[in-house]
Structure formats: structure tokens, C-alpha cells
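The block underneath contains the structure these notes are about, expressed in C-alpha cells.
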Amino acid sequence: MSPPVFRFAPSPNGYLHLGHAYSALLNFDLARRAGGSFLLRVEDIDVTRCRPEFEAAIYEDLAWLGISWETPVRRQSEHLARYREAVEGLSAQGLIYPSFESRSEIARLVAQREAAGPWPRDPDGAPLYPGAAKSLSPGQRQRLMAQSVPYALRLDMEAALASMNELAWQEHGAGPAGEHGLVNASPQAWGDVVLARKETPTSYHLSVVIDDALQGVTDVVRGRDLFWSTSVHRLLQRLLGIPQPAYRHHRLIEDASGHKLSKSTQATALRELRRQGVTPADIRRLAGLPDDARTTTGGC
């Protein structure tokens with residue numbers, strides 16, 4: 001049996017904070033304890049928000065924490081052709097269609113739908129796609145594309161699930177409501193998810209399952225906020241014919257108000273904590289991880 005492979009996959013769209021440190025250290029500890037490998041992947045497909053200085057800070061912060069990783073580091077921006085190939089394969093199966101509404105137009109459509117009653121939302125709270133792009137003819141789609149109208153490539157969830165047997169995954173951590181063990185996947189709860197856009201031939205959902213498979217990741221250990229995303233990932237793994245890893249969703253590090261630490265809410269960066277004199281050992285204690293990672297893995 002091959003040694004397990006763990007990974008930490010941040011996006012360089014801001015500086016790492018304590019929540020990132022917890023996830024990275026937990027993965028590193030688990031890999032070291034199991035005699036496995038620890039990989040670092042840079043998820044930099046969002047060209048409008050990802051910046052070189054943030055990527056450089058990731059390496060600096062992780063090294064400061066005492067984390068080492070195998071090289072080379074996989075940078076998603078260098079593998080767009082592979083993601084495009086996967087989209088083309090799904091499209092050839094009739095499972096992809098373009099939608100042309102802008103975000104503001106989608107918001108307007110949702111408001112119209114909600115005038116008649118609640119409109120369904122995905123597990124993250126975002127409204128499901130309310131448009132009718134799936135009913136456009138091939139000719140209409142080609143004309144809009146030829147006019148350079150921006151579009152999103154969506155997975156036809158109904159078609160994708162039409163001949164699909166039950167989907168599930170083995171959860172070794174815990175979900176938001178304590179889900180553990182065999183968990184039934186519910187990809188339909190996400191509606192027709194976006195897998196790529198005109199300007200970007202991939203999305204988080206698509207690239208993460210492809211990367212995990214190509215890198216031989218055996219154990220995905222990530223935050224509980226991504227628990228239900230696993231439903232979409234299991235579906236894509238089945239559609240693309242790639243293996244599923246083991247999943248372990250860990251607790252989230254929260255601020256004083258009980259909200260998840262986030263770059264968007266200006267959570268204190270590791271580099272700022274370092275400037276204040278906080279040590280790597282302090283970070284472990286703040287995150288609730290043991291000092292000696294070789295004797296225990298810490299809690300999820």
C-alpha cells in the first residue's frame with residue numbers, strides 16, 4: 001500500500017491567517033504521522049484577485065511555521081489546458097451549456113422569482129441559477145458566443161444525474177451538523193453549477209477534483225465550510241472517471257463573534273502576528289494543536 005498524500009491548497013488572494021495555519025499544520029502533522037507526503041498547491045485561477053506578493057507570502061508563512069513541502073508546487077494557472085480538456089469532454093457528453101446572463105441580471109431574475117415565493121438556494125446560501133439558457137438552440141448559443149457576449153459554462157445537473165447511481169463519501173471528520181461515516185451526496189442541491197467561464201476555463205469545483213487526482217492526493221483534509229461541496233466533487237469524479245480520496249472536514253477557527261476567520265473580513269494575518277512577536281509554537285496553541293505533532297494529530 002502506497003503512503004498517503006495530503007495537501008494544502010491556498011489561493012494567493014490575501015495573506016494567510018490563523019485558520020489557514022490550522023489547516024496547513026493539521027495536514028502536515030497527519031502526513032508526517034502517517035509517513036506520507038505533504039503537497040502545496042497554489043489555486044491561482046482568479047487572475048483579478050491573485051497577486052505574486054501573496055503567493056510569496058504563502059511560502060514565507062508556511063516555512064516560518066516549520067512546514068516543508070514537496071516540489072515543484074503545482075500552480076493552477078499553469079494547467080489551464082488540462083481543465084479546458086475536461087470541460088470539452090463533459091460538453092461532448094451533452095452535460096455542459098453556456099448561460100449568458102450577467103450577475104446583475106441573475107439577481108434581477110431571482111428577485112422576480114422570489115416575488116412569487118422563496119427561491120431555492122445552495123448550501124452556501126447563494127440562489128440557484130434562475131435563467132433559461134439551457135433551452136437556447138445551438139444556433140442561438142453560437143450567435144451569442146460569436147458576438148463575444150460573456151458566458152458561464154454550467155453543468156446540466158439533471159442530465160448529469162440521469163443515469164447516476166447513488167453517490168456517497170466516507171467522512172472521517174465531521175460535517176456542520178456532526179455528519180460522520182457514510183454521507184450521501186446531494187449534488188442537486190447546488191443546481192446547475194458553473195464549471196468554467198469565457199475568460200477562465202475552470203472553476204474551483206472542477207480544478208480541485210482534477211488536481212487531487214493528478215497529484216495522487218489520497219486524503220483531503222479541509223475546512224467544514226467545504227463539507228457539502230464534496231457532493232459536487234463526488235459527481236465530477238464519477239463523470240470524469242477519476243478516483244475519490246478520503247475526506248476529513250475539520251473545525252473552523254472563529255473570531256470573537258463566532259464567525260469563520262476570513263481574508264474578506266480582514267482577519268489578522270500571520271505576518272502581522274509574527275511582527276507582534278507571536279511564535280510558531282504560539283500559533284499551534286492558538287489553533288488548538290499539540291506542540292509535539294509526532295505523538296498526536298490534534299482534533300478536527
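The values are calculated or read from the model by the stated rules, or taken from the named source; none is laboratory data. Since we're looking at a predicted model, the values are computed, not measured. No Cβ is skipped: glycine too gets one built from the backbone with ideal geometry, and neighbour counts run over all protein chains shown.
Just one of the listed residues (Asp212, Asp225, Asp192) is assigned to a helix (DSSP H, G or I), surrounded by 21 or more Cβ atoms within 10 Å (Cβ to Cβ) and of a type in the set (Asp, Glu), and it is Asp212.
Among the numbered conditions (1) surrounded by fewer than 19 Cβ atoms within 10 Å (Cβ to Cβ); (2) of a type outside the set (Gly, Ala, Ser); (3) touching a Ser or Thr at 6+ places or on another chain (Cβ under 7 Å); (4) not in a loop (DSSP other than H, G, I, E, B), the only one that Arg32 does not meet is (3).
A Cβ distance below 6 Å, combined with a sequence gap of six or more or placement on separate chains, defines the contacts here; from region 221-243, residues that are within 14 Å of Val183 (Cβ to Cβ) reach residues that are of a type in the set (Ser, Thr, Tyr) and part of a strand (DSSP E or B) in the pairs Thr230/Tyr247. Among the residues of region 228-263, those identified as under 24 Å from Leu18 (Cβ atoms), assigned to a loop (DSSP other than H, G, I, E, B) and not hydroxyl-bearing (Ser, Thr, Tyr) are Trp228, Arg251, Leu252, Ile253, Asp255, Ala256, Gly258, His259, Leu261, Lys263.
Select from region 244-272 the residues that are of a type in the set (A, V, I, L, M) and farther than 18 Å from Leu182 by Cβ and write down the one among them that is modelled with the lowest pLDDT.
Among residues in region 244-272 that are of a type in the set (A, V, I, L, M) and farther than 18 Å from Leu182 by Cβ, the one modelled with the lowest pLDDT is Ala256.
With a cut-off of at least 3 residues that are within 20 Å of the chain's Cα centre (by Cα), name the helices (runs of 4 or more DSSP H) lying wholly within region 59-160. Let's see the steps before the verdict.
Details: elements: 80-92, 103-114, 138-146.
Qualifying helices (runs of 4 or more DSSP H): 80-92.
Counting residues in region 273-282 that are of a type in the set (D, E, K, R), modelled with pLDDT of 95 or more and farther than 28 Å from Gln76 by Cβ gives one or more.
Residue-by-condition table, conditions (1) in a loop (DSSP other than H, G, I, E, B); (2) closer than 12 Å to Ser231 by Cβ:
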| position | (1), (2) |
| --- | --- |
| Ser163 | yes, no |
| Gly175 | yes, yes |
| Gly178 | yes, no |
| Leu182 | no, no |
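Look at (1) in a strand (DSSP E or B); (2) surrounded by fewer than 19 Cβ atoms within 10 Å (Cβ to Cβ) and you find that Phe6 fails only one, number (2). Selection over region 181-213 of residues that are farther than 16 Å from Tyr151 by Cβ and among the β-branched types (Val, Ile, Thr) gives a count of 4.
Residue selection: Leu39 fails the criterion of being surrounded by 20 or more Cβ atoms within 10 Å (Cβ to Cβ) and within 30 Å of Ala162 (Cβ to Cβ). Scanning region 44-58 for residues that are crowded, with 20+ Cβ neighbours inside 10 Å and assigned to a loop (DSSP other than H, G, I, E, B) turns up Asp44, Ile45. Only one entry of Pro150, Pro127 meets the criterion of being touching an Asp or Glu at 6+ places or on another chain (Cβ under 9 Å) and either aliphatic (A, V, I, L, M) or surrounded by 17 or more Cβ atoms within 10 Å (Cβ to Cβ) (or both), and that entry is Pro127.
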